[in-house]
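No value in this document is a laboratory result; all are computed from the given coordinates. Predicted model, so just to flag it, every value in this text is computed and none were measured. No Cβ is skipped: glycine too gets one built from the backbone with ideal geometry, and neighbour counts run over all protein chains shown.
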Amino acid sequence: MDQLNNQPLHQVAQALVSGGKGLLAMDESIPTCNARLRENGIPETALYRQKYRELIVTTSGLEEFISGAILSDETLTSSAAGSKPFAEMLTSRGIMAGIKVDQGTVPMAGVPGEKVTEGLDGLAVRLQNYRRYGVRFAKWRSVTHISTGSPSSAALHFNAQLLARYAAICQEASLVPIVEPEVLMTGAHSLELCHQVTRQFLFELFNALYEHRVDLRAILLKPNMVLPGTDSPDQSSDDEIALATLACLLDRVPAAVPGIVFLSGGQAAKAATKRLNALNQEGQLKGPWKLSFSFSRAILQPVLAYWKGQDQYLPGAQQILLHRSGCNSAACLGNYHP
Ligand code: 13P
């Protein structure tokens, strides 16, 4: 950890996406984590949130596939029963700890239906405190959705500015910012429309990152894959999705960015892995960046569904966690065979 603390930020960013490894987003806020526990019949209590995080952190072999874990504030400051803090347990096994630093979304005043992400106030001070736990990177999510009249250019522009300002503050605090502009997959829109909106969001984002003088070599981009809306009558093949996603990224993401770590956005676990694999297959289009994952639901949903909060299912749930992580790691190298 000491060695990493002295590492230049661009090397930390590269390390997070090297060797076919990816990130595990175990950074659900308390309300989101409670909702996921509830959906799986697990009590929504601090004890079960802690047991859930403990299940993940104590899964042996995870470091083979996972380079970094994004934690929530609650997880960063808590410990496994009778043991070291979660962040320390991870870093001692070679998994870098990261922290979600945005404070969620609120409706955007003046632009009905749009949201902005909060959390810039006092961020520099919070980051200094997080660094004391050995955290090496951070995450901020901005979100937009596609519907009639949305997203507005105002929402894309302002959310991009917030992401860029967050990224600049992170780099000043010696943390690698993961920059997450998410276009939600809910809706009846086409693949083409998702392509257009994602492209526009990335255009605003990189303009803002230049404007705020963010070092692009020391960030990771965490976008959505380009997908047709979940209610669209025209569902696309994995290859079509990979092609549309690569075309969009090649158009908008500078080569200086070392890695792109996709969010899963509610895709089924195997679908997300197959699409990541298709993105990494040798094809007509090839980008200069590493293409990896920073999944939450596409790794953890099957784990929760099996575990159900019951001790007798813990070993099996940990096997599922390891298996899904391994599948996504294989997909980073284009070697996933379902
Ligand atoms: P999903 O993979 O479930 O989309 O979560 C990723 C994430 O970190 C959302 O901010």
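Things to note:
- Region 278-296 - residue that is within 16 Å of the ligand (Cβ to nearest atom) and free of Cβ contacts under 8 Å to residues at least 60 places away in the same chain and, of those, farthest from A242 (Cα to Cα): L291
- Pairing residues of region 167-187 that are touching a residue at least 60 places away in the same chain (Cβ under 8 Å) and within 23 Å of G122 (Cβ to Cβ) with residues that are within 15 Å of the ligand (Cβ to nearest atom) and in a helix (DSSP H, G or I), at Cβ distances under 8 Å and at least 6 apart in sequence or on separate chains, gives V176/L16; E180/L163.
- Restricting region 118-143 to residues that are crowded, with 22+ Cβ neighbours inside 10 Å and of a type in the set (S, T, Y), the residue that is farthest from T75 (Cα to Cα): S142
- Residue check: A247 meets all listed conditions (1) in a loop (DSSP other than H, G, I, E, B); (2) away from the ligand (no atom under 16 Å from the Cβ); (3) not charged (D, E, K, R) but one, namely (1).
- Residue in region 257-267 that is touching a residue at least 12 places away in the same chain (Cβ under 8 Å), part of a helix (DSSP H, G or I) and within 17 Å of the chain's Cα centre (by Cα) present: no
- Residues of region 51-72 satisfying the condition of being in contact with a helix residue (DSSP H, G or I) (Cβ under 6 Å, 6 or more places away or on another chain) and either among the polar types (S, T, N, Q) or assigned to a strand (DSSP E or B) (or both): T59, I66, S67, G68, A69
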